[in-house]
Amino acid sequence: MTFRQFAFNNVIRNKRLYAAYFLSSLFTVMVFFTFSIFANHPALSGNEMNGSVTKGMNISAGIIYVFSFFFILYSMSSFLQSRKREFGLLMIQGMSMKQIRIMVFLENMVIGFFATLGGIFLGVVFAKGILLLAENVLIIESALPFYFPTQAIILTFASFIVLFFLISLFVTYVLRSKKLIELIKGNKISKGEPKANLFLTLSAVLLLAIGYTTALLAKGTIVVVVMLPVIIVVMVGTYLLFTQLSVYILGKLRKKESIFWFKTNMLLFSDLAFRMKDNARTFFMVAMVSTVAFCAIGSLFGFQTVLTSSIKNVNATTFSYKTSEKESVTQDVEFINDTLREEKIEADSEQMEMRYYDIADDTILITSSSDYNRFASLISEKQIEVNNGQVIVVEFEGTNFGQTSELLNESIKLESDVTLKPNEDEVISSRALPATDSYYIVSDHDFEKLPNPVEVQSFYAWQVTDGEAGIMAASEKLYKHLERFKIMSVEYEIYQIMKFYGPILFVGLFIGIVFFVSAGSFLYFRLYMDLDEDKQKFSSISKMGLTVKELKKVLNRQTAILFFAPIIVALVHGAVALTALSNLFSFNLVKESVMVLGVFLVIQNIYFFIVRYFYIKQIKNVI
């Protein structure tokens, strides 16, 4: 057997440990290859929109490539940690450290080569399905037909062969400093049970409390100001949480006899306390990577909701037309009515003059109660009654920058020298009129007594009652014929937003998934790196009377803590971050947050049950 055959056979013999490394690398290659297929697709070149899609895909592919380097490097390092003893035995049998480094280099290149080919092959196999998914998510008018991605294959293959080559060189360089005694003892060298520092433990609680409180209490644009300090404080607090606070809690539990001596808890707590120094760093990394995934996808979904909701909040009717140019009003309105008839759309309509006045160093809309009620009736909102001398403030449904408070502190002066003062108890929320700010409603009598407005706009609205299928076709005709600032179609505007926003959402979803899968792989390597040690330990304990049922119970708790401790922390981080996003835009994003975090939790549960099954099976085989 030649040296190269020996290195190749080593990969086959260690297939259990290499499986996660290989599959994770293969998945990373496939995702990168997928982005390359999109970036080089013939249909995504030409116009400005498709140019932005291509640019976004290229940027995200770069992000994934850089992250892949560190992820694969960590995976390889974790694998080599579990093979220290093997390397020591090879040195005793006459293999030099140089030969071990060459062997590791060849092994890693073999894995990298086949992972790259496998990722490209799966990418080609599933390319059509992914392209069909992209057509819907990206909202691309033209289809994305399948094509043989020669350029993407060359780019992916060359990029990842170089990546695995650099990682192999780096890993073999790190191996140089290992002494024989360290390799022979492997993971049996005790690093000592970690001791919790009381000051750092309290600092963890204090830093997380400060970070969470600041993020939750910040409102509006203040969220942006405090974002970076909060991120830094929470990161430091999270590190101390796993390295200090968790050790402190375990120490307290061990001292509490009613808990520590209860059934198999002694095995659980002793093992966790002994390993915590190594696990703490992995927990921190997994928590941070998972938080990035949660926040990336949650923020994108939240921002999508903000954009679409803002359009719906301002415009309650299907179509609206607004202009201050009186000369073209009649002709434009006739064209809109004709277009609706051509597309077989039936709609109720209303019209009014929107009058604006200089109030509080701003231009504020003041409308009569009759005008307001007609438009409220058009969208089936409750009508209101306004008495003479009464002023009602309508609060804008959207990002509030204090407009309502400002209007409550102002007054309206009529030509009859009568001053109208709004009452804070008479504030309503309504979508009847397309105002992007809070405004006033007065009685018809008082409305006639107002001075000349600084601006007057003609406003028309149509609420479709039948023929919804023709809305998009009618909208395209109206937007081509009329100036963009005059006409508004809610469905068409949302379509345009999603058309622009689709690529960003698609890219964010892929990056978030890559980060989350990587976090799961980190946990897998951390768990299986100690498998041989666990086999010996539980084999010895079983001889003292440990039953299979008790073994499963201990291993269930051990793997559950390993998998869910960092994920739960990441879920809390993500929930706080998405709440802060809600405060920034003054939108309730509870539904989006629960959906995103819930999906990730379900995926983690599935991953946990799969890994736990095979892990327990490995332990049971030696008992």
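Coordinate-derived values only; no laboratory data. Bear in mind that the values here come from a model prediction, so they are computed numbers and not experimental data. In this analysis, Cβ positions are derived from the backbone assuming ideal geometry, glycine residues included, and neighbour counts consider all displayed protein chains.
Couple of notes before you dig in:
- The ranking of Val517, Val234 from fewest to most other beta carbons within 10 Å of each one's beta carbon is Val517, Val234.
- For Glu350, the residues 5 or more places off, or on other chains, whose built amide H falls under 5 Å of its own are Ala461.
- Exposure proxy ranking for Ser258, Ser443, based on other Cβ atoms within 10 angstrom of each Cβ and starting from the fewest, stands as Ser258, Ser443.
- Karplus (6.51, -1.76, 1.60) ³J(HN,Hα), θ = phi - 60°, over the stretch 386-396, in Hz, Gly and Pro reported as x: 10, 7, 4, x, 9, 10, 10, 9, 9, 7, 5
- Across Lys195/Lys535; Lys477/Lys499; Lys312/Lys591; Lys552/Lys617; Lys344/Lys486, pairs whose alpha-carbon gap is larger than 20 Å: Lys195/Lys535; Lys344/Lys486
- 5 angstrom amide H check on Glu395, placed H, neighbours 5+ away: Ile428, Ser429, Ser430
- In this rough spin-label picture, where each label sits 7 Å from Cα along the Cβ direction, the Glu426-Ile92 distance is 9.3 nm.
- Relative packing of 293-302, 463-472, 102-111, which averages over residues the other C-beta atoms within 10 Å, highest first: 293-302, 102-111, 463-472
- In loop segments of the stretch 428-504 as defined by DSSP, the trypsin sites (Lys or Arg not before Pro) with at most 15 further C-beta atoms inside 10 Å of their C-beta are Arg484.
- In this calculation the C-beta distance from Lys620 to Val205 is compared with R0 = 51 Å, giving a FRET efficiency of 0.80.
- A simple spin-label model places pseudo-atoms 7 Å from Cα toward Cβ; at Lys535 and Glu468 they are separated by 6.1 nm.
- Estimated inter-spin distance, Tyr147 and Glu327, nm [label 7 Å along Cα→Cβ]: 4.8
- Amide H contacts of Gly467: Glu346, each under 5 Å away and 5 or more positions distant or on a separate chain (H built 1.01 Å from N in the peptide plane; Pro and chain starts excluded).
- Within the stretch 334-370, trypsin sites (Lys or Arg not before Pro) in DSSP loop having at most 16 other beta-carbon neighbours inside 10 Å: Lys344
- If the segment from Val236 to Gln99 were pulled out straight at 0.36 nm per residue, it would be longer than the present Cα-Cα gap by 45.2 nm.
- Length released on extending from His481 to Ile603, taking residue separation times 0.36 nm less the Cα-Cα span: 39.0 nm
- Rounded, prolate or oblate (a/c below 1.5 giving rounded, otherwise prolate when a/b exceeds b/c) for the stretch 331-431 by Cα gyration tensor: prolate
- Multiplying the residue separation of Val66 and Tyr495 by 0.36 nm and removing their Cα-Cα distance gives an extension gain of 151.1 nm.
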